[in-house]
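Below: the structure, in structure tokens.
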Amino acid sequence: MRASRPRIVRPLRGFTLIELMVVVSLIAITMSFAVPSFQGILDRARTDGAAAELAGLLSLARSEAIRRNAPVTVAGWQAIHVGQ
């Protein structure tokens, strides 16, 4: 008769479907709070970008006016309304 070997119990690895669903649900709930506040950040970034673009354009116009020793007109710049 053969001697039976003791079985080695290995711990299970990975996630169960329930654990995965709980984590996905928590991420979805967290994102539902984060997205509306993130919209304000995006609006602010767009406004800052437009202001920086205008400042750069006016600086370029000023330097061109100094270089040419003549008045310079800024035309063709379009402001984009960001908001509700």
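Each reported figure results from applying straightforward, stated rules to the coordinates on display, with no laboratory input. All values reported here derive from a predicted model rather than from experimental measurement. For neighbour counting, all protein chains shown are included, and Cβ atoms are generated from backbone atoms with ideal geometry for every residue, glycine included.
Just round it to a whole percent: the fraction of Cα-Cα distances in the chain exceeding 17 Å.
Numbers: 2562 of 3486 pairs.
Value for the chain (Cα pairs over 17 Å): 73 percent.
Quick one: if the Förster radius is 35 Å, what FRET efficiency do Thr47 and Ser25 give, using the C-beta to C-beta distance and rounding to 0.05?
0.50
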